[in-house]
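The values are calculated or read from the model by the stated rules, or taken from the named source; none is laboratory data. Bear in mind the structure is a predicted one, so any value in this text is a computation, not a measurement. Glycine gets a Cβ as well: all are built from the backbone with ideal geometry, and neighbour counts include every protein chain shown. Just the protein is used for accessible areas: all its heavy atoms, side chains included, with ligands, DNA and RNA removed. Shrake-Rupley method; radii C 1.70, N 1.55, O 1.52, S 1.80 Å.
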Amino acid sequence: MSDAGDDLELIKAINGGRRDAFALLVSKYQVKIRGYCLHMLLDRGAAEDAAQEVFLKAYRHLDGFRSESRFSTWLFQIAVNHCRDLRRRKFAVSETSWDALREYQQERLAALDGGSSLLQRCEARDLVMKSLAHLSPEHREVLTLREAHGYRYDEIAELLHCSLDAVKARLRRARVELAEHSRHFFDEGQVKVRRGGP
Amino acid sequence: MKHYDRNTLFEFVAGESSAACATEIQFHLANCPQCAAGAEECRALRQALQLSPEYSAHFTDRVMSQLRATPRSIRDSLTAVFRAWFVPALQFACAVTLLTLHYIGDAGPDLESFLLSGTHGETATEDLRPQVSDLGIALGISLEQRDAQGS
């Protein structure tokens, strides 16, 4: 069965009363949703809380899901709207939850144990976060959806409720800005560049 | 020598350039160290953007425990209220009705008149007292209160 078909089967089961089947959907999409929230909010604790709220919202409105779009797109739509709401409400970034902090520290320790490639991975992620902080939320949205999650231009336009031309223009601008703000990291040699084809 | 801007290089490393354009850029990068370095930077940035948080079983557990604590929708809330209050109330009402019908059916007009008029029937008043007492308890009325009101 296809990936989307699997999701539909799970949704039917959940709507039929098997609430625990929702854990499979959370497990399947948590990395993407947490990653998106982290790029948008740039704060680990807030991103974890936001991702959790996205899944809870999805669960509450699951009987309203129509199979015209993929479940992953529908879920991202909730994540996009939720992160926008949080930004509008100027979420508090100072409080990082203990859970998020502990997981982050465990990740860093694993990276230290796991050798240079894992450590580079953590450093690269931290540095790209710093660069993303210089971009406007609109630019971060489009860049994350395209580069991190591989959405097509038309899908991004649908998710963000804007025109295809607006997506292209924002993405162009976002890429240039990201490159500009990341330049000094490359100059300092902090981001390890791997040689290879496109 | 002309140089490519960052956006063009980004499109190239993302595989978004047309075939003709990609060939041209590829050729240019082989001869231009500046643009080649720019393309490598774009590639590194794309890779860094694609780094996701690690999978966390703890996150799934947190969502599921939160989810168990909260109702799913208004319909769920109403269902929960219905199950918690309405169903037991309905069961109690049915039990009382059945009990009442049972006693009225058994006792006939004597009990009915005893309950409704407050006057003791001429026949079998004492025989009815245990039944009346049970029914009174079911309805929350003590027989002594009933007698006090009758007198």
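Between B:T70 and A:E180, what FRET efficiency follows from the Cβ-Cβ distance if R0 is 41 Å, with the result rounded to 0.05? Working shown, then result.
Details: r = 44 Å, r/R0 = 1.08.
Rounded to the nearest 0.05, the efficiency is 0.40.
Give me the inter-chain shielding for A:146-152: mean count of other chain Cβ atoms within 10 Å, whole number please.
Partner-chain Cβ atoms within 10 Å, mean over residues of A:146-152: 3.
Quick one: grab the alpha carbon gyration tensor of the range B:1-46, order the square roots of its eigenvalues as a ≥ b ≥ c, and give me rounded if a/c is under 1.5, else prolate or oblate depending on whether a/b is larger than b/c.
Working: a/c = 1.75, a/b = 1.04, b/c = 1.70.
The shape class here is oblate.
With the crude spin-label approximation of a point 7 Å out along Cα→Cβ, what separation in nm comes out for B:E16 versus B:Q34?
Distance between label points: 2.4 nm.
When the dipole is taken about the Cα centre of the range B:1-43, and only Lys, Arg (+1) and Asp, Glu (-1) are charged at their Cβ, what size is it in debye, to the nearest 20? If you can, show how the numbers build up before the last one.
On the way: 3 positive and 6 negative charges, 18 e Å.
Approximately 80 debye in magnitude.
I need the fraction of alpha carbon pairs in the range A:9-96 separated by more than 15 Å, rounded to a whole percent.
57 percent
Interface B/A, total buried accessible area with a 1.4 Å probe, nearest 100 Å²?
On the way: alone 11540 and 12110 Å², together 19100 Å².
Chains B and A together bury roughly 4600 Å² of accessible area.
I'd like the residues of the range A:8-45 whose 1.4 Å-probe accessible area shrinks by no less than 50 Å² going from the isolated chain to the full set of protein chains.
Checking the loss per residue gives A:R19, A:Q30, A:V31, A:R34.
Return the average number of partner chain Cβ atoms within 10 angstrom of each residue Cβ along peptide B:34-47.
5
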